[in-house]
1. Show the residues, 5+ positions off or on another chain, whose built amide H is closer than 5 Å to the amide H of residue 43.
2. Quick one: what are the phi-derived ³J(HN,Hα) couplings along the range 93-105, Karplus 6.51/-1.76/1.60 with θ = phi - 60°, whole Hz, x for glycine and proline?
3. Calculate the dipole size of the range 65-106 relative to its Cα centre from +1 charges on Lys and Arg beta carbons and -1 charges on Asp and Glu beta carbons; express the result in debye to the nearest 20.
4. With a sphere of radius 11 Å drawn around the Cβ of residue 133, what net charge do the other residues whose Cβ falls strictly inside it have (Lys, Arg +1; Asp, Glu -1)?
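Quick note: the coordinates plus some simple rules give every number you see, no bench work behind them. These figures come from a predicted structure and were not determined experimentally. Cβ placement follows ideal geometry from the backbone for every residue including glycine, while neighbour counts extend to all protein chains displayed.
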Amino acid sequence: MPTPTSPAPWSAVEQELATTLRSLEEGESVVVEVTGAGRPAVLQERRLLGLVRERTGTVHPYTQAIRVDDALVAECAGSPRTGGVYPWTPEEEERILALGWLVPDRPDFVVPGYQREWVAGPGLGYAEATHTSEAAALMVRTLREVMACTDPADVRVQVNRS
């Protein structure tokens with residue numbers, strides 16, 4: 001596995017991500033993708049009349065977070081086992097769970113990957129600074145320790161504003 005670069009550039013990525021997460025308004029999201037780590041996977045497309053077409057494509061690992069009411073919900077790309085398409089190895093899936101990601105178990109909220117949720121306490125409003133910092137730290141650790149991203153330049157951050 002490649003060796004991650006020094007922590008200094010990564011701490012800047014983590015701080016910037018935490019600031020972005022704090023600034024999200026209701027329904028806004030941020031996607032953090034590793035651009036150079038694509039793997040082949042079987043993708044399914046639903047077509048007219050319920051037909052399903054399979055094709056092989058390249059998928060990239062990602063983490064993302066969305067503000068929902070007073071909560072911050074984060075997701076890590078899932079394997080077919082969790083309803084996702086990213087072909088994680090069993091060892092990578094173990095590392096994802098060891099970092100603190102959870103297998104989704106909410107029937108009312110379909111997430112095709114691993115998830116975490118931070119909810120503000122009573123009367124506190126949207127996610128507190130500690131929540132967004134914790135979410136950013138988890139997302140960056142996942143990039144480095146599971147997705148084997150060694151250079152922050154290989155990370156693409158997309159903020160989806162309302």
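1. 55, 56, 57
2. Along the range 93-105, the couplings run 4, 4, 5, 4, 5, 5, 6, x, 5, 10, 6, x, 9 Hz.
3. Computed charge dipole of the range 65-106: roughly 80 debye.
4. Every neighbour counted, the sum reads -2.
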